[in-house]
Amino acid sequence: MRQLFDYRLPASAALPSVGARVRVPFGQRQLIGFVLATNVTPEVAEKQLKDVIDVLDTEPLWPVSMWDLLQWAARYYHHPIGDVLSHAAPGLVRQGQLPSYATTTRYQLTERGREQELSALNRAPQQQRFMAALQRGAMHAAGVRALDIPSSTLKSLLDKGWVSAEQLELKPSAWQCEGAHGALILNEEQATAVGAMLGPIERREAKVWLLDGVTGSGKTEVYLQAMETVLLRGEQVVVLVPEIGLTPQTVARFEQRFHVPIVSLHSGLTDSERLQSWLQARDGGAAIIIGTRSAIFTPCKKIGLMILDEEHDNSFKQQDGFRYNARDLAVKRAYQEGFGLILGSATPSLESLANAKAGRYQHLLLSNRAGGAKLAHHAVIDLKQQRLHQGLSDQLLTTMAKHLQAGNQVLLFLNRRGYASALLCHECGWTSECERCQANMTLHQQEHMLQCHHCGSQRRVPRQCGDCGSTQIISQGLGTEQLEEAIAKHFPGYQALRIDRDSTRKKGQLEQALQDAANGKFSILIGTQMLAKGHHFPHVTLVSLLDVDGALYSSDFRAPERLAQLYLQVAGRAGREEKPGTVVLQTHHPDHPLIQELVNNGYRHFAEAALEERQQAMLPPYAAMALLRAEATSRDDAEAVLKVMASYLNQHPDVTVIGPMSAPLGRRAGRYRYQLLLHAEQRAPLHSWLKQLLPTLEKLPETRKARWSLDIDPQDFA
Ligand code: ADP
Ligand code: ZN
Ligand code: ZN
């Protein structure tokens, strides 16, 4: 709810600080609320005010700087502050738990315990064993567990008063960084980059650097050396990585370099683990905080530097609920708290490049691969009139054989999991459409199921056509599962490893697979975009993108940028060590200007031209956008709410309203989806117009029949 609620504070309660939590009655329930202001004139009549039940915190949960950032984010994204705060708070805090450190029990001998003769305990060997251990010193619960002392033993010793137990908070201890272990000697470009960062870091200036370095150019080494100065003076470093980038290996790389406490924050943590990491960051116990998108909201006692790796990656944008962009918030936070921010990428977003061009970020280039590796050779295979063997051309098969025979690894990229993207009736043209979505269901052969990748529905594979009853059902659109099967047939002597969402569902599977891939245990790697991101596979010399043609004719204005980023990130997996790499793109459109550009000129050249096009077309980053989405079980309801909203929004001279129109995925999980696009040359008029109109828009009667949402700076138009 966008609304705030007023409560009366009972005379007995102490005045809570702004940013503290309270327990309040809400309808029939009790809820946890955040205090936004005190001593205000209530918006409802005195007698309607309810009393606060309980004040939970004596102090604000967040430091002032973080509180300000959250307030700013709520305003910028026009999102209810309550939802912003509950998004930023760890789950347990949101549920009303006190943010406290985990505790442990410490056992030690009492005075009387010390007086006992151990030999008198010969008939109670467990007690004897534990007493002997305690004679050497006090022990924590974990140590006692490791000794395998039965709880009955513990209990009788406590009862006899020979052993005492006390509860201890596992508070972080102070840390000190003694410098880096095993730092590399920087090459010239790296040294220039680190050199440019050190001055502002030493002066504690707020500054943003765009570290634009080709894949394998040693960006991580630059991060590590910039971090050292900060850690040496006892300040913290926050490192943000894309969803898939945060593996134990990433964390290990930081641990090996600096022997300091590191916490990680990601979706795989339990609520209590997350709370502990959050506290360690807030109270200064953690020196390095590594996390995915939402870690941007982690308060830090003394932050000295933030690094956002793979800054172009889409996973920094939250795609539902509170639709923030962690990269943009990082820039805001850097200026509010006064620290340096490194945005690193081999394929920077056009937004960041435009900011660098405008002088808002300092642009630092790494144009060569570190450690002697050469840039890869690029080639295109024209698929027109070629025979394809389950998506593989003869030419590709020959090239693969050459690389494999030389003892190298080959990586095949195909961004479609499953066996086939649809089933098709050969006689009547029926396709395996999902009943709840405007999309085909994917065939998963191993599970013998059809699965919708949009809503998760599953269905048994039909033997016959749903319309005409024909048994001539064929599959269409190659997926990774089928590719794996094809590879086994063509290269029976080589081991293949498939890495996609299906093959890495269980905890630890992805880490294991990435490690196996890096160690060269498998000759052929097959994968979706999971394989494309930042991973280092030293033995891969050939990379092939099998089918990216779909992206060439997309209606999304960001599709070329995305394809260029994907292409170069995938290509970047080739030839990362001494052996030279080759990148082969299979396409039906070898003359397409984007393909020519990427293969011949590379990303920087592409980005220059793309920025110019965006400027001419008045598209972001040279214009501001917002997207209103609506969905409802009835098509009319979904469209109606946006139609009415459009009639209001239309009345501003500087804001263009486009739509409503059906979303590209017109129906999902049984709901029709519509969109309304708002465009303005400047951000300010668009935002103030939204601010002015939203209170009216959200009270429109049409909103009761449809779910709607607002997305500021939308990244995804699906
Ligand atoms: P990026 O993140 O830019 O893709 P990495 O940081 O993973 O690149 O570095 C690629 C490889 O180059 C790594 O194996 C790394 O150890 C090595 N490397 C980086 N900097 C240097 C250097 N100055 N001297 C030698 N090797 C380096
Ligand atoms: Zn049919
Ligand atoms: Zn579906």
Review point. Ranked highest first by average number of other Cβ atoms within 10 Å, how do 183-194, 324-335 line up?
Key: 324-335, 183-194
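So between Gln445 and Ala617, what do we pick up on full extension, going 0.36 nm a residue minus the alpha carbon distance?
Working: separation 172, 0.36 × 172 = 61.92 nm, distance 4.47 nm.
Taking Gln445 through Ala617 to full extension adds about 57.5 nm, to one decimal.
Could you compute the net charge surrounding Asp283? Neighbours are other residues with a C-beta less than 9 Å from the C-beta of Asp283; K and R count +1, D and E count -1.
Values: positive: Lys171, Arg282, Lys301; negative: none.
Result for the local shell: +3.
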Exercise for review: Take the Cα atoms of segment 190-259, find their three principal axes, and give me the spread along each one in whole Å, biggest first.
Suggested key: 33, 29, 20
Practice item. Can you figure out the FRET efficiency of Trp175 with Asp54, using R₀ = 30 Å and their beta-carbon distance, to the nearest 0.05? Key: 0.25
Exercise for review: Report relative contact order for segment 610-718 in percent, whole number only (criteria: Cα-Cα under 8 Å, sequence separation at least 6).
Suggested key: 38
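Express in nm, to one decimal, how much length is gained between Gln30 and Asp382 on full extension, taking 0.36 nm for each residue of separation and deducting their alpha carbon distance.
Working: separation 352, 0.36 × 352 = 126.72 nm, distance 6.49 nm.
Gain in length upon complete extension: 120.2 nm.
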Exercise for review: Please report the Cα spread of segment 528-652 along all three principal axes, rounded to whole Å, starting with the longest.
Suggested key: 61, 36, 27
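Between Gln97 and Asp636, what's the calculated FRET efficiency when r is the beta-carbon distance and R0 is 45 Å? Round to 0.05.
Values: r = 45 Å, r/R0 = 1.00.
E(calc), rounded to 0.05, equals 0.50.
Which peptide among 424-437, 570-583, 612-625 comes first, and what is the full order, when sorted by highest mean count of other Cβ atoms within 10 Å? Intermediate values should be presented prior to the final figure.
Values: 424-437: 16.8, 570-583: 22.7, 612-625: 15.1.
Per-residue mean Cβ counts within 10 Å order the peptides as 570-583, 424-437, 612-625.
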**Study point:** Shape metrics for the chain, restricted to C-alpha atoms - Rg then Dmax, Å
**Key:** 29.4, 94
Exercise for review: Just the number, please: carbon plus sulfur as a percent of the accessible area of segment 46-179, 1.4 Å probe, no ligands or DNA/RNA counted.
Suggested key: 48
Check your understanding: Does a label point 7 Å from the Cα of Lys357, set along Cα-to-beta-carbon, have any residues of segment 293-325 with amide nitrogen under 20 Å, and which are they?
Key -> 311-313
Study note, to complete from the structure: Result for the chain: accessible area per residue, probe 1.4 angstrom, in square angstrom, of 47
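What helices does the chain hold that run 27 Å or longer along their axis, going by alpha-carbon atoms, with a Kyte-Doolittle average of -0.5 or more, using DSSP H for the helix calls? Don't skip to the end; give the middle numbers.
Details: long enough: none.
The answer is none, since no helix passes both cut-offs.
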Check your understanding: Roughly how many percent of the accessible protein surface of segment 537-584 is carbon and sulfur, given a 1.4 Å probe and a whole-percent answer?
Key -> 57
Practice item. Grab the beta carbon distance between Glu681 and Asp6, set R0 = 35 Å, and tell me the FRET efficiency rounded to 0.05. Key: 0.30
Check your understanding: Which residues does a label at Val644 reach in segment 675-690, if reach means a backbone N under 17 Å from a point 7 Å past the Cα toward the Cβ?
Key -> 675-676
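If packing is taken as the average count of other Cβ atoms within 10 Å, what order do 92-101, 210-219 fall into, highest mean first?
Details: 92-101: 15.5, 210-219: 25.3.
Going by the mean number of other Cβ atoms within 10 Å, highest first, we get 210-219, 92-101.
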Practice item. Tell me which residues come under 5 Å, amide H to amide H, from Ala346 once H is placed; ignore anything under 5 positions away on its chain. Key: Gly213
Check your understanding: When the helix-only estimate is applied to the chain (DSSP H runs of n ≥ 4, each -39,500 (n - 2.57), divided by the residue count), what is the mean residue ellipticity at 222 nm, nearest 500 deg cm²/dmol?
Key -> -9500 deg cm²/dmol
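Residue separation times 0.36 nm, minus the C-alpha to C-alpha distance between Glu608 and Gln692: what's the value?
On the way: separation 84, 0.36 × 84 = 30.24 nm, distance 3.68 nm.
The Glu608-Gln692 span can extend by a further 26.6 nm.
Around Thr541, with a cut-off of 15 angstrom between Cβ atoms, what is the net charge of the other residues, counting Lys and Arg +1 and Asp and Glu -1? Walk me through the numbers on the way to the answer.
Values: positive: Arg369, Lys374, Lys402, Arg573, Arg576, Lys579; negative: Glu577, Glu578.
Neighbour charge sum, excluding Thr541 itself: +4.
Let a ≥ b ≥ c be the square roots of the eigenvalues of the Cα gyration tensor of segment 446-590; is it rounded (a/c under 1.5), or, if not, prolate (a/b larger than b/c) or oblate? Kindly include the intermediate steps, with their values, before the conclusion.
Numbers: a/c = 1.85, a/b = 1.41, b/c = 1.31.
Note, shape of segment 446-590 comes out prolate.
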**Study point:** Sulfur and carbon atoms: percent of accessible area, segment 382-475 [1.4 Å]
**Key:** 42
Practice item. Give me the distance in nm between label points sitting 7 Å out from Cα along the Cα-to-Cβ direction at Ala669 and Ala165, one decimal. Key: 4.5
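The values are calculated or read from the model by the stated rules, or taken from the named source; none is laboratory data. Note that the structure is a prediction, hence the values are computed from the model and not measured. Cβ atoms come from the backbone with ideal geometry, glycine included; neighbour counts cover every protein chain shown. In case anyone asks, the SASA skips ligands and DNA or RNA and just uses the protein heavy atoms, side chains included. Shrake-Rupley method; radii C 1.70, N 1.55, O 1.52, S 1.80 Å.
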